[in-house]
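The values are calculated or read from the model by the stated rules, or taken from the named source; none is laboratory data. Quick caveat: nothing in here was measured; it's all calculated off a predicted structure. No Cβ is skipped: glycine too gets one built from the backbone with ideal geometry, and neighbour counts run over all protein chains shown. These accessible areas exclude ligands, DNA and RNA; they are computed on the full protein's heavy atoms, side chains included. Shrake-Rupley method; radii C 1.70, N 1.55, O 1.52, S 1.80 Å.
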Amino acid sequence: MRTPRTARRAALIASGTALTTFLAASPAGAGTSSALPTVTAKSESAALYDDEAGGNSDADDPAIWRNPADPGRSLVVATAKEGGLRVYDLDARLVQSVSPPKPPTEDDAPGRYNNVDLVTGLRTSAGRADVAVVSDRGNDRLRIYRVDPSRRNGPLTDITDPAAAPVFSADQAEINDQRTAYGLATWTDKATGRTYALVSQRERTRLALLELLPAAGGKVGYRKIRTLDLPSSFRLPDGSTWSPCGEPGELPQVEGMVVDPATGTLYAGQEDIGIWRLRADLTGKPVLVDRTKEYGVPGTYDEETEECAPGADPGYGGKRLSADVEGLTIYQEQDGDGYLLASSQGDNTFALYDREVSEGNEYEGGFRIGAASPTLDSVEECDGAAVLNAPLGRRYPRGLLVVQDGHETPEVPDGEGGTRTGTGFKFVDLGELVDATDM
């Protein structure tokens, strides 16, 4: 079932506030525009189904772990919300499935894994370890998993400190309200060697900086360092104040986040607003790199339909991102160049920005992921993305891009006259993407 947020986005697009012919400007300095190039996936995971039969599994966010001893046996760790975690090999075959923790009582919110990121060589009391860090929205906590490809029962082992506290909530009642840990990115400060997780709060604009800390028995915990609140309302050029339409009490949240490890720069996608750039230590003033096309469009919330009826577009929005702004990831080149990649969920495209802060993160183009065959379909409503520019064996000698696909086809009947909500992950040859986009 589509969320009210997605339904509101569909209404905005249908109203004409988002472009229906998806063109993108050429890189800076060029005087023409052209249709976005299209690439296709090389493989895809088996569909996940967000219903009782499917274990309420819903694909969301991937991360790529490179096996230094055998890159061709690298892994993709991905979240499946109430379905927990999935681990795939490079052929997109399932290697391990990890269930989230059970709720304290049957009346409490269940575990729900939203976003995931990786840390290489994290210091623990049992030695250095590669770990997957996950935001557990259901329990408002971080979960930490050691990655060990030689482990017989699967590469992931839960090493979360049992004493880990909720990130944003004071008690279980607040946890059940689900204004909890949502988006996530990790960051290791090169100056100090300390490792952090940056976490956003669902239906709020708050970001939290958490330091990952070793605990007894090889476990890993965390402590909150500071928080920062992004704006929820904005002054428009005509002098008026605008806030995006949402359910009563809901603020424009952040989900997609990534830290550029070279500069310690955090990029955060505020779904209805655009992409922010700020210091990963959450000090200093955030800068809005780009706005969504829907930025500044007024809307009226209808409680009966749980949708927003958009008003006239005043023309203050951007040209490249159609809300929601989702999965952000950094494509790193060996010479220090590279790109910030962002999912423009509302129009099923991806945008590329120069990662150079001194260049103002200029827009450099974009692309789509189209259908390779009737069964290997296109990517739609992408929530999460991860890119790794490194050789991964014979299958991906120039690296890999993994993206969430929010609408898997062919559709499967639900037995009640409808279809099951299917999602999954697409694996794209990074070399083919680089060639197609001149990255």
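Kindly provide the set of residues from the range 23-45 that are at pLDDT 95 or above and surrounded by 14 or more Cβ atoms within 10 Å (Cβ to Cβ), ordered by number.
Leu36, Pro37, Val39, Thr40, Ala41, Lys42, Ser43, Glu44, Ser45
Give me the pairs: first residue in the range 216-231 and on the phi < 0 side of the Ramachandran plot, second residue open to solvent by 50 Å² or more (accessible area, probe 1.4 Å) and polar (S, T, N, Q), beta-carbon distance under 7 Å, and six or more apart or on different chains, which are they?
Note: pairs meeting the criteria are Ala216/Ser125.
For the range 80-97, what are the residues that are assigned to a strand (DSSP E or B) and surrounded by fewer than 21 Cβ atoms within 10 Å (Cβ to Cβ)? First the steps, then the outcome.
Step one: filter the range 80-97 for residues assigned to a strand (DSSP E or B), giving 81, 85-88, 94-97.
Those that are assigned to a strand (DSSP E or B) and surrounded by fewer than 21 Cβ atoms within 10 Å (Cβ to Cβ): Leu94, Val95, Gln96, Ser97.
Go through Gly346, Gly336 for me and flag whichever is under 19 Å from the mean Cα position of the chain (by Cα), touching a residue at least 40 places away in the same chain (Cβ under 8 Å) and not in a strand (DSSP E or B). Don't jump to the end; show me each part of the working.
Details: Gly336 fails: under 19 Å from the mean Cα position of the chain (by Cα).
One residue alone meets the criteria, Gly346.
Name the single residue, out of those in the range 298-333 being among the aliphatic types (A, V, I, L, M) and in contact (Cβ under 8 Å) with a residue 40 or more places away in the chain, that is farthest from Cys245 (Cα to Cα). Reasoning before the result, please.
Taking the range 298-333 and keeping what is among the aliphatic types (A, V, I, L, M), we get 309, 312, 321, 323, 325, 328, 330.
In the following step, the residues that additionally are in contact (Cβ under 8 Å) with a residue 40 or more places away in the chain were identified as 309, 321, 323, 325, 328, 330.
Working: Ala309: 9, Leu321: 17, Ala323: 12, Val325: 15, Leu328: 23, Ile330: 30 Å.
Restricting to residues being among the aliphatic types (A, V, I, L, M) and in contact (Cβ under 8 Å) with a residue 40 or more places away in the chain, the top hit is Ile330.
Can you tell me which of Leu184, Leu212 is open to solvent by less than 40 Å² (accessible area, probe 1.4 Å), more than 19 Å from Gly111 (Cβ to Cβ), not in a helix (DSSP H, G or I) and not hydroxyl-bearing (Ser, Thr, Tyr)? Break it down into steps so the answer makes sense when it comes.
Values: Leu184 fails: more than 19 Å from Gly111 (Cβ to Cβ).
Being open to solvent by less than 40 Å² (accessible area, probe 1.4 Å), more than 19 Å from Gly111 (Cβ to Cβ), not in a helix (DSSP H, G or I) and not hydroxyl-bearing (Ser, Thr, Tyr) holds for just one of Leu184, Leu212, which is Leu212.
So, of the residues in the range 247-273 that are more than 11 Å from the chain's Cα centre (by Cα) and of a type in the set (D, E, K, R), which turns out to be nearest to Leu184 (Cα to Cα)?
Applying the filter and picking the extreme gives Asp260.
Kindly evaluate Arg152 against the criterion of being within 24 Å of the chain's Cα centre (by Cα), of a type in the set (D, E, K, R) and either surrounded by 14 or more Cβ atoms within 10 Å (Cβ to Cβ) or modelled with pLDDT under 95 (or both). Walk me through it before giving the result.
Numbers: within 24 Å of the chain's Cα centre (by Cα): no; of a type in the set (D, E, K, R): yes; either surrounded by 14 or more Cβ atoms within 10 Å (Cβ to Cβ) or modelled with pLDDT under 95 (or both): yes.
Against the criterion (within 24 Å of the chain's Cα centre (by Cα), of a type in the set (D, E, K, R) and either surrounded by 14 or more Cβ atoms within 10 Å (Cβ to Cβ) or modelled with pLDDT under 95 (or both)), Arg152 does not qualify.
Tally up the residues in the range 293-333 that are under 23 Å from Gly360 (Cβ atoms) and in a loop (DSSP other than H, G, I, E, B), please. Don't jump to the end; show me each part of the working.
Filtering the range 293-333 down to residues under 23 Å from Gly360 (Cβ atoms) leaves 293-296, 315-323, 325-333.
Now narrow it down to the ones that are in a loop (DSSP other than H, G, I, E, B): 293-296, 315-320, 322-323, 333.
Counting residues in the range 293-333 that are under 23 Å from Gly360 (Cβ atoms) and in a loop (DSSP other than H, G, I, E, B) gives 13.
Would you mind telling me which numbered condition in (1) on the phi > 0 side of the Ramachandran plot; (2) open to solvent by 40 Å² or more (accessible area, probe 1.4 Å) Glu333 fails?
It is condition (1) that Glu333 fails.
Could you please find all residues in the range 276-289 being surrounded by fewer than 21 Cβ atoms within 10 Å (Cβ to Cβ), over 17 Å from Ala342 (Cβ atoms) and at pLDDT 95 or above?
Arg279, Asp281, Leu282, Thr283, Lys285
Determine whether Gly239 is modelled with pLDDT under 95, over 17 Å from the mean Cα position of the chain (by Cα) and surrounded by fewer than 23 Cβ atoms within 10 Å (Cβ to Cβ). Walk me through it before giving the result.
Numbers: modelled with pLDDT under 95: no; over 17 Å from the mean Cα position of the chain (by Cα): yes; surrounded by fewer than 23 Cβ atoms within 10 Å (Cβ to Cβ): yes.
For Gly239, the condition - modelled with pLDDT under 95, over 17 Å from the mean Cα position of the chain (by Cα) and surrounded by fewer than 23 Cβ atoms within 10 Å (Cβ to Cβ) - is not met.
Among the candidates Pro391, Pro374, Pro397, which residue alone is out of contact with any Leu (no Cβ under 8 Å at 6 or more places or on another chain) and modelled with pLDDT under 95? Walk me through how you get there before you give the answer.
Values: Pro391 fails: modelled with pLDDT under 95; Pro397 fails: modelled with pLDDT under 95.
Result: Pro374 is the single residue among Pro391, Pro374, Pro397 that is out of contact with any Leu (no Cβ under 8 Å at 6 or more places or on another chain) and modelled with pLDDT under 95.
So in the range 156-173, with the set limited to residues that are without any contact (Cβ under 8 Å) to a residue 40 or more places away in the chain and touching a helix residue (DSSP H, G or I) at 6+ places or on another chain (Cβ under 7 Å), which one is nearest to Glu203 (Cα to Cα)?
Filtering the range 156-173 for residues without any contact (Cβ under 8 Å) to a residue 40 or more places away in the chain gives 157, 165-166, 169-171, 173.
In the following step, the residues that additionally are touching a helix residue (DSSP H, G or I) at 6+ places or on another chain (Cβ under 7 Å) were identified as 166, 169.
Values: Pro166: 16, Ser169: 13 Å.
Per the criteria, the residue is Ser169.
Would you call Tyr363 more than 24 Å from Glu432 (Cα to Cα) and aromatic (Phe, Trp, Tyr)?
On the way: more than 24 Å from Glu432 (Cα to Cα): no; aromatic (Phe, Trp, Tyr): yes.
Answer is no for this residue.
If you go through the range 60-67 one residue at a time, do you hit one that is open to solvent by 20 Å² or more (accessible area, probe 1.4 Å), part of a loop (DSSP other than H, G, I, E, B) and of a type in the set (Val, Ile, Thr)?
Initial filter on the range 60-67 (open to solvent by 20 Å² or more (accessible area, probe 1.4 Å)): 64, 66.
Filter once more, keeping what is part of a loop (DSSP other than H, G, I, E, B): 66.
Next cut, of a type in the set (Val, Ile, Thr) only: none.
No - not one qualifying residue is present in the range 60-67.
Could you figure out which of (1) more than 19 Å from Thr227 (Cβ to Cβ); (2) at pLDDT 95 or above; (3) surrounded by fewer than 23 Cβ atoms within 10 Å (Cβ to Cβ) isn't true of Glu304?
(2)
Search the range 187-209 for residues being aliphatic (A, V, I, L, M) and open to solvent by less than 60 Å² (accessible area, probe 1.4 Å), and hand back the single one that is nearest to Lys102 (Cα to Cα).
At the first step, the residues of the range 187-209 found to be aliphatic (A, V, I, L, M) are 191, 197-199, 207-209.
If we keep only those that are open to solvent by less than 60 Å² (accessible area, probe 1.4 Å) too, we end up with 197-199, 207-209.
On the way: Ala197: 23, Leu198: 24, Val199: 22, Leu207: 26, Ala208: 25, Leu209: 26 Å.
If we take residues in the range 187-209 being aliphatic (A, V, I, L, M) and open to solvent by less than 60 Å² (accessible area, probe 1.4 Å), then Val199 is nearest to Lys102 (Cα to Cα).
Going by the conditions given, is Asp140 farther than 21 Å from Arg223 by Cβ, among the charged types (D, E, K, R) and under 22 Å from the mean Cα position of the chain (by Cα)?
Details: farther than 21 Å from Arg223 by Cβ: no; among the charged types (D, E, K, R): yes; under 22 Å from the mean Cα position of the chain (by Cα): yes.
Spelling it out, it is not the case that Asp140 is farther than 21 Å from Arg223 by Cβ, among the charged types (D, E, K, R) and under 22 Å from the mean Cα position of the chain (by Cα).
Results for (1) crowded, with 22+ Cβ neighbours inside 10 Å; (2) under 30 Å from Thr120 (Cα atoms), shown as yes or no for each residue.
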site	(1), (2)
Glu247	no, no
Gly264	no, yes
Gly269	yes, yes
Gly274	yes, yes
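Going by what's in this entry, would Asp91 be described as farther than 25 Å from Val258 by Cα, at pLDDT 95 or above and over 19 Å from the mean Cα position of the chain (by Cα)? Please lay out each step first, then the result.
On the way: farther than 25 Å from Val258 by Cα: yes; at pLDDT 95 or above: yes; over 19 Å from the mean Cα position of the chain (by Cα): yes.
Spelling it out, Asp91 is indeed farther than 25 Å from Val258 by Cα, at pLDDT 95 or above and over 19 Å from the mean Cα position of the chain (by Cα).
Please go through the range 104-128 and give me each residue that is touching a helix residue (DSSP H, G or I) at 6+ places or on another chain (Cβ under 9 Å) and in a loop (DSSP other than H, G, I, E, B), ordered by number. Lay out the reasoning, then the answer.
Quick first cut of the range 104-128, residues touching a helix residue (DSSP H, G or I) at 6+ places or on another chain (Cβ under 9 Å) only: 104-105, 107-109, 124-127.
Within the range 104-128, Pro104, Thr105, Asp107, Asp108, Ala109, Ser125, Ala126 qualify.
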